[in-house]
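The values are calculated or read from the model by the stated rules, or taken from the named source; none is laboratory data. Remember, it's a predicted structure, so these values are computed and weren't measured experimentally. When we count neighbours, we look across all protein chains shown, and the Cβ atoms used for this are built from the backbone with ideal geometry, even at glycine. SASA here: full protein model, heavy atoms, side chains in, ligands and nucleic acids out. Shrake-Rupley method; radii C 1.70, N 1.55, O 1.52, S 1.80 Å.
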Amino acid sequence: MLKTLTKGLLLSALTASSAYASQITWDLTEGVRYGSYNNSLSYSKDGMNLTVTGWSDTKGPADDKIEGARLGRWNGLGVCNDDEYSKTRCATPEHSTDNDPGRDGDFDMIMLSFSEAVSLSSFQNGWYAYDSDVSLLAYTGGASTYNLNDKDWEGLLSDGWNVAGNYSNTMTKETATSTDLVSKFWLIGAYNPAFGELGELCNELNDHFKLKMLTIDTIECPEPTALGLFGLSLAGLFAARRRKAS
């Protein structure tokens, strides 16, 4: 009987503490000049800070290590990597987040670094071309900061990163991630086979998109007042039980 009452009190305390998440939606084009290139972009909304950076596997003689890339803003954010810049100065569609094997064979990704751990519940592109398959990863390792420089995509999976999902034909519709992962660091980019199979839709690796919208769920811990009420109630139960026994 005491166990049942204890569970009931704890559930009530957690429910009263607003332990459920609140949502924040970000428009990544806000405050960013159209057509501009940036090494990183910073946002702040509802007490949450977000830093966005671009990355691609263009480093080293084998062109297989990750390094920073330029972020460009059009109808959303795209990635211009070093190979694309040296060849075409990032003409369309190379200034999108892409994996086009016919041009450079590189995989572009955007890193989202939040000031607190969040769950990324949905994303939406402002533009796409040819195809729009997307890979999404979340970092669940123990590091308080994370630098992608000089790493490789496949190696991330043994370095604290988890695949949140691979999504086909995202186009410009809002895409729910359906993931329970929570993290301060997220990677979203053109579909990469290193992060799992998605079927025949992804065989050509001809994905190009510009990321525009994000919706996140913030994770709120139980308030101390609610846990305090639980403790007082539990103490009362034990006291009543002792009086009954005596």
- Item | Tabulated pairs, region 198-222, first modelled with pLDDT under 90, second of a type in the set (S, T, N, Q) and assigned to a strand (DSSP E or B), C-beta under 6 angstrom, 6+ apart or interchain | Leu198/Asn166
- Message: Between Ser178, Ser168, which is modelled with pLDDT of 95 or more and open to solvent by 20 Å² or more (accessible area, probe 1.4 Å)?
- Response: Ser178
- Task: For Thr92, state whether it is farther than 22 Å from Asn49 by Cβ, in contact (Cβ under 8 Å) with a residue 40 or more places away in the chain and among the hydroxyl-bearing types (Ser, Thr, Tyr).
- Result: no
- Kindly establish whether Ala129 is closer than 22 Å to Asn75 by Cα and free of Cβ contacts under 8 Å to residues at least 12 places away in the same chain. no
- Message: Filter region 27-47 down to the residues that are within 16 Å of the chain's Cα centre (by Cα) and crowded, with 16+ Cβ neighbours inside 10 Å and list them by number.
- Response: Leu28, Leu41, Tyr43
- Task: With the condition kept exactly as written, say whether any residue in region 223-233 is modelled with pLDDT of 95 or more, more than 19 Å from Gly105 (Cα to Cα) and open to solvent by 10 Å² or more (accessible area, probe 1.4 Å).
- Result: no
- Answer yes or no: is there a residue in region 157-164 that is aliphatic (A, V, I, L, M), assigned to a strand (DSSP E or B), open to solvent by 30 Å² or more (accessible area, probe 1.4 Å) and in contact with a Phe, Trp or Tyr (Cβ under 8 Å, 6 or more places away or on another chain). yes
